[in-house]
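Peer 1: Before I ask anything, here is the structure I am working with.
The values are calculated or read from the model by the stated rules, or taken from the named source; none is laboratory data. Just so it is clear, the structure is predicted and the values come from calculations on it, not from any experiment. Counting neighbours? That spans all protein chains shown, and the Cβs are built from the backbone with ideal geometry, glycine included.
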Amino acid sequence: MATIVFAGGGTAGHIEPALAVAREWIKSHPEDRVLFLGVKGGLEDKLIPAAGFSLAYIPRVSISRRPSLSWLRIPSSLISAVRASMLTLKESDLLIGFGGYVSAPAYLAAKILRVPTVIHEANAKPGWANRLGAMVTPYLAVASPVDIGKFSQALLTGLPLRSDVAQAYTKAHMDFKTARNEAKVRLGFNQSAPLIFVMGGSQGSVAINAALEGALDSLLTKGYSILHSVGRSNVLPPTQDSYHPVAYLDAMADAYLASDLIIARSGAVTCSEFRALGRYALFVPLPIGNGEQFHNAKELVSQNRAQILEQSQLSSKYLISHIEDLLAQSAKAPVDGSGIDLEAASKIVALGEFAISK
């Protein structure tokens, strides 16, 4: 029996792919022990136990994006996190990391203990934790091609899909047109009216919500249906006949399938799930970080399945004046989704098996 440790925290973009691979590992190796590294109060503190996996805690290593006095605490915080990671990893056979603040100390601890390490990078532009990890292991995987650096030579696996999205693609791929109509009905919308799905992540986006709020009356007057995932941290607007706001949407697979147009951030997971099930998107990349959200959406734009809009250009006026053109582009986009990511989890498991065998 082997012990496999997963590291990836902070955002759903790190956690959901890790969970997908963990499930695939257990499916292939039911006798093995799987556990996760995480920090108390992080998103992984909710998602990992809810998925039925054990979570070992390490101290958080906080690094502000701009220089500040807090940087003076980084060395001591990192040493504490590495030590805590070593306690979990000392009896393990493999570490599989997905980036984020949990992964960096785990990579260093695994190197010290000589534990084989596999790293998966979801974004088209790798984050700092995975760039650090790539210096200590040759076993690298990417969701999409990376132009420069060590990840440019990594195994191209795609991004592991959540089980509901993968199952929805499997059911829909023989007849996507029918599947899209049926999903629209399940969500309670008129099949004949164009459906616009607006979301800004689990916590919501103030900028996207504000732009929709100012354009809402005009869009409804034009006969459009709107599904709006407001975010758990935002006030829920009142429901109208063809406007359905929710704090958080559980039926994401149906939303991707049913929507004629999606307006959203372009995180790696969103782009992957959209690629599997969606029709056409207006992506508004988050204007912080290292620009990875812009790069995540570029391939979908090249496939005529999306447009990219800078947040500074997003406004109610923009939505009102461009919505008809966006829906016209959607009508020209492929009806079918893509199964390119369906085997991603099994490919990462295979890479992990190879790493253990060496």
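Peer 1: Identify, from the list Ala247, Ala251, the residue that is under 25 Å from Lys171 (Cα atoms) and either small (Gly, Ala, Ser) or surrounded by 16 or more Cβ atoms within 10 Å (Cβ to Cβ) (or both).
Peer 2: When all the criteria are applied, what remains is Ala251.
Peer 1: OK, next. If a residue must be charged (D, E, K, R), in contact (Cβ under 8 Å) with a residue 12 or more places away in the chain and within 20 Å of Ser338 (Cβ to Cβ), how many such residues does region 128-175 contain?
Peer 2: Residues of region 128-175 charged (D, E, K, R): 131, 147, 150, 162, 164, 171, 175.
In the following step, the residues that additionally are in contact (Cβ under 8 Å) with a residue 12 or more places away in the chain were identified as 131, 150, 162, 164.
Right, trim to within 20 Å of Ser338 (Cβ to Cβ) and you get 162, 164.
Residues that pass the stated criteria total 2.
Peer 1: For region 233-288, please list each of the strands (runs of 3 or more DSSP E) lying entirely inside it that holds at least 2 residues being charged (D, E, K, R) and without any contact (Cβ under 8 Å) to a residue 12 or more places away in the chain. Even if it seems obvious, please write down each step before you answer.
Peer 2: Values: elements: 243-246, 261-264, 281-283.
Fully inside region 233-288 and qualifying: nothing.
Peer 1: What about Gly9, is it within 23 Å of Leu342 (Cα to Cα), at pLDDT below 90 and under 21 Å from the mean Cα position of the chain (by Cα)?
Peer 2: Working: within 23 Å of Leu342 (Cα to Cα): yes; at pLDDT below 90: yes; under 21 Å from the mean Cα position of the chain (by Cα): yes.
It is true that Gly9 is within 23 Å of Leu342 (Cα to Cα), at pLDDT below 90 and under 21 Å from the mean Cα position of the chain (by Cα).
Peer 1: Check off (1) touching a helix residue (DSSP H, G or I) at 6+ places or on another chain (Cβ under 7 Å); (2) surrounded by fewer than 24 Cβ atoms within 10 Å (Cβ to Cβ); (3) more than 23 Å from Ser357 (Cα to Cα); (4) not small (Gly, Ala, Ser) for Asn123 and give me the number that stays unchecked.
Peer 2: Of everything listed in (1) touching a helix residue (DSSP H, G or I) at 6+ places or on another chain (Cβ under 7 Å); (2) surrounded by fewer than 24 Cβ atoms within 10 Å (Cβ to Cβ); (3) more than 23 Å from Ser357 (Cα to Cα); (4) not small (Gly, Ala, Ser), Asn123 misses just condition (2).
Peer 1: Six or more apart or on different chains, Cβ atoms under 6 Å: show the pairs whose first residue is in region 1-17 and closer than 13 Å to Glu121 by Cα and whose second is of a type in the set (Phe, Trp, Tyr).
Peer 2: Gly8/Phe98; His14/Phe98; Pro17/Phe98
Peer 1: Additional query: Scan region 32-76 residue by residue and report those that are at pLDDT below 85 and more than 24 Å from the chain's Cα centre (by Cα).
Peer 2: Arg66, Pro67, Ser68, Leu69, Ser70, Trp71, Leu72, Arg73, Ile74, Pro75, Ser76
Peer 1: Restricting attention to region 208-220, does a residue exist that is free of Cβ contacts under 8 Å to residues at least 24 places away in the same chain and within 30 Å of Val349 (Cβ to Cβ)?
Peer 2: The answer is no; no qualifying residue exists.
Peer 1: If I ask for residues that are closer than 10 Å to Tyr57 by Cβ and among the small types (Gly, Ala, Ser), which ones from region 19-40 would you list?
Peer 2: Within region 19-40, Gly38 is the sole residue that qualifies.
Peer 1: So Asn181 clears everything in (1) assigned to a helix (DSSP H, G or I); (2) modelled with pLDDT of 95 or more; (3) surrounded by 24 or more Cβ atoms within 10 Å (Cβ to Cβ); (4) not charged (D, E, K, R) except one condition, right? Which one?
Peer 2: (3)
Peer 1: Could you check how many residues of region 301-325 are closer than 16 Å to Ala281 by Cβ and outside any helix (DSSP H, G or I)?
Peer 2: 9
Peer 1: Taking the stated definitions as given, is Thr157 within 23 Å of Ser266 (Cα to Cα), at pLDDT 95 or above and not acidic (Asp, Glu)? Give the steps one after another, and end with the answer.
Peer 2: On the way: within 23 Å of Ser266 (Cα to Cα): yes; at pLDDT 95 or above: yes; not acidic (Asp, Glu): yes.
Yes.
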